[in-house]
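The values are calculated or read from the model by the stated rules, or taken from the named source; none is laboratory data. This structure is a prediction, so every number in the text was calculated from the model and none was measured. All Cβ positions, even for glycine, are placed from backbone atoms using ideal geometry, and neighbour counts span all protein chains on display. These accessible areas exclude ligands, DNA and RNA; they are computed on the full protein's heavy atoms, side chains included. Shrake-Rupley method; radii C 1.70, N 1.55, O 1.52, S 1.80 Å.
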Amino acid sequence: MSQATQDSVREDGIIASVSGPVVTARDLDARMNDVVYVGDEGLMGEVIEIEGDLTTIQVYEETSGVGPGEPVENTGEPLTVDLGPGMLDAIYDGVQRPLDVLESKMGSPYLDRGVDAPGIDLEKKWEFEPTVSEGDEVAPGDVVGTVPETVTIEHKVMVPPDFEGGEVVAAEAGEFSVTEAVVELDNGEEVTMHQEWPVRKARPSQEKKTPREPLVSGQRILDGLFPIAKGGTAAIPGPFGSGKTVTQHQLAKWADADIVVYVGCGERGNEMTEVIEDFPELDDPKTGNPLMARTSLIANTSNMPVAARESCIYTGITIAEYYRDMGYDVALMADSTSRWAEAMREISSRLEEMPGEEGYPAYLAARLSEFYERAGYFTTVNGNEGSVSVIGAVSPPGGDFSEPVTQNTLRIVKTFWALDADLAERRHFPAINWNESYSLYQDQLDPWFVENVEDDWPEERQWAVDVLDEENELQEIVQLVGKDALPEDQQLTLEVARYLREAYLQQNAFHPTDTYCEPEKTYGILTAIHTFNDEAFKALEAGVPVEEIQAVEAVPRLNRIGVQEDWEAYIEDLKAEITEQLRELY
Ligand code: ADP
């Protein structure tokens, strides 16, 4: 929570009623979304409804013991976050209170009430290096200097978007706290390393563009079949044990995003604790530094107050937008948006609003789309390019995708990675169901793959998709009459599809080499299987029985390409051997 907000407290009211996280106050002069301090303890809340003399507030802290007659103070400011160096390597709650600072303030890991702390350390000194000098003209959004925020990331200090801009009259290198002026303009404006921004309002940009670059993840099934764009949106359902955590860690580690913002939104308490414990342990494979050096974590367990869960998504996306404005590619992962929606549902029912489907408020769809809309590939205010990609987990109760949160999410996001408990049970990892998943970015990303990987990337992919589709249809027949009843060519198709599943779609996140597969290798594996396909069908046409084709010694080595470091030579050899051995049969 913003420090400045706290200082400008101005109006008083009186609590009229308390219902869980929802408090009404009388005689409070407030506007929608103003931040207020509720009760003798000064619990933080936000105005969500005003009717005549009564103001309704959602409170971000536990309200037990709070009662009518206690005071309510209005800050007159919306819920804002503190933006500046120090957001990386930090773990926050839903209203950007740093968990470590809170813990040390209270001497216990159990969050007390009414405790506040700024989102970034206001006293810490940072090494500022200006990139402008006296006489330079700067406009809103322009970068005026840099700060080594972590070992990995250089923080760019920008002119706030609501400044006028002008000529630089002072800019000096040195050690400064985030509240000290580092650059002064001729109109008296002083740029500090600190900005505040209301979380419910998207930060401005010049233009939102059609994303045309993939967010390469190094995961074959994602890059190969269901790519997400830089600035794109994806949803991933997470049935228990299906590999959601592993998939998210893989994306956080390997996706070619500069910055990761991970919003843990109200998953079961111990799961969130796992995230808080796991993430700081992860290494960043690209730099060898800790992954936290380019990560900001927002953690709200489901035992934290429901309203704070509602705000964590906004806090996360605002932080993501700030790094986007510096020109970075940011990946935001929200886990799980279902818990966020449930928080909305709870608040809405306390307000006695007219419920929509399954008790969710009628504005559920609007809120979800407002959130995902903040993703995108942007020309920033200063003319740079930056992106925010959003990957939202959904956790439909009982894995039933027909429920409102999943359905509304699927209407908005353009990529769907269907994690599948059955596949996980069969130890097919990543357990992403290729029949149910989709990416609507394919067409707009194909030119990138054609230009940067291979000319026939789209054709190779289509070939694989067709074979997997055919397998899917044939499986129904196989279940009825058995595989041996199929004609030989169809048996061979099943064999090719098996290699697509085992050598291409499966990928071991825990193998040092297989864990990351660059697009060239993803393509290479596909062509190796395609070579087998073509040579095998030639052999079949020449009269070779399918059993003999299946018994060819070199073919199973397809399944070992993933773990090869020297995969180019391996694939070349393997293609030659498969061809030779198959041709020997006729
Ligand atoms: P969830 O978070 O959905 O409950 P996890 O991500 O913890 O599930 O995955 C459960 C187990 O599945 C992991 O411990 C691991 O053994 C296995 N697993 C999941 N994804 C992969 C993968 N890509 N490669 C290898 N094993 C995996």
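At-a-glance table
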quantity: Estimated distance in nm for a label pair at Asn508 and Tyr586, the labels positioned 7 Å out from Cα along Cα-to-Cβ; calculated: 3.5 nm
quantity: The chain - percent of accessible surface contributed by carbon and sulfur, probe 1.4 Å; calculated: 45 percent
quantity: Under 10 Å, Cβ to Cβ, from Gly562 - net charge with Lys/Arg +1 and Asp/Glu -1; calculated: +1
quantity: Cα radius of gyration and Dmax for segment 123-193 (Å); calculated: 11.3, 35
quantity: Trypsin sites (Lys or Arg not before Pro) within segment 388-485: DSSP coil, no more than 14 neighbouring Cβ in 10 Å; calculated: Arg426, Arg427
quantity: Accessible surface of His249 - all protein chains present, 1.4 Å probe, nearest 10 Å²; calculated: 30 Å²
quantity: Under the Debye formula (equal points on every Cα, no solvent term), log10 I(q)/I(0) of segment 12-77 at q = 0.28 Å⁻¹; calculated: -1.29
quantity: Among Ile525, Ser133, Ile549 the positive-end extreme of the charge dipole of the chain (Cβ point charges); calculated: Ile549
quantity: Chain lengthening between Ala139 and Ala366 when straightened (0.36 nm per residue, less Cα-Cα); calculated: 78.4 nm
quantity: Compactness relative to 2.2 N^0.38 Å, alpha carbon Rg of segment 207-438; calculated: 0.97
quantity: Sum of side-chain charges, Glu502 neighbourhood, beta-carbon under 13 Å (Lys, Arg +1; Asp, Glu -1); calculated: +4
quantity: When segment 428-522 is reduced to its Cα atoms, the Kirkwood hydrodynamic radius in Å; calculated: 15.2 Å
quantity: Residues with amide H under 5 Å from that of Thr131, placed H, sequence gap 5 or more; calculated: Gly145, Thr146
quantity: Principal-axis tilt of helix 244-254 within the chain, Cα atoms, nearest 10 degrees; calculated: 90 degrees
quantity: Relative contact order [Cα under 8 Å, 6+ residues apart], segment 207-438, whole percent; calculated: 30 percent
quantity: Amide H contacts of Ser437 (H built 1.01 Å from N, under 5 Å, at least 5 apart or other chain); calculated: Ala418
quantity: Relative packing of peptides 90-96, 293-299, 443-449 - highest average C-beta neighbours within 10 Å first; calculated: 90-96, 293-299, 443-449
quantity: Nearby lysines by direct alpha-carbon distance to Lys483 (threshold 17 angstrom, same-chain neighbours under 8 apart not counted); calculated: none
quantity: Qualifying chymotrypsin sites (Phe, Trp or Tyr not before Pro) for segment 313-385 [loop in DSSP, other Cβ within 10 Å: at most 13]; calculated: Tyr363
quantity: Over segment 121-247, relative contact order from alpha-carbon pairs under 8 Å, at least 6 apart, %; calculated: 19 percent
quantity: Nearest-20 debye value, segment 454-584 charge dipole, Cβ charges on Lys, Arg, Asp, Glu; calculated: 420 debye
quantity: Lys, Arg +1 and Asp, Glu -1 on Cβ, resulting dipole of the chain about Cα centre, debye, nearest 20; calculated: 1120 debye
quantity: Per residue Cα convex hull volume in Å³ - calculated over segment 108-243; calculated: 220 Å³
quantity: Principal-axis tilt of helix 488-499 within the chain, Cα atoms, nearest 10 degrees; calculated: 40 degrees
quantity: Ratio of Rg to Rh over the chain (Cα coordinates, Kirkwood Rh, two decimals); calculated: 1.04
quantity: Theoretical ellipticity at 222 nm over the chain - DSSP helices of four or more residues, -39500 (n - 2.57) apiece, nearest 500; calculated: -10000 deg cm²/dmol
quantity: Dmax and Rg, reported as Rg then Dmax, of segment 454-584 (C-alpha, Å); calculated: 14.9, 43
quantity: Mean Cβ count within 10 Å, highest first, over the residues of peptides 253-260, 232-239; calculated: 232-239, 253-260
quantity: Asp283 long-range amide H proximity, modeled H, under 5 Å; calculated: Leu291
quantity: Net dipole in debye of segment 207-438 [+1 Lys, Arg Cβ; -1 Asp, Glu Cβ; about Cα centre; nearest 20]; calculated: 440 debye
quantity: Residue pairs, from the table Lys253/Lys521; Lys253/Lys414; Lys244/Lys286; Lys156/Lys230; Lys124/Lys201, whose Cα atoms sit over 24 Å apart; calculated: Lys124/Lys201
quantity: Helix axis angle, 519-541 relative to the chain longest principal axis, alpha carbon, degrees; calculated: 30 degrees
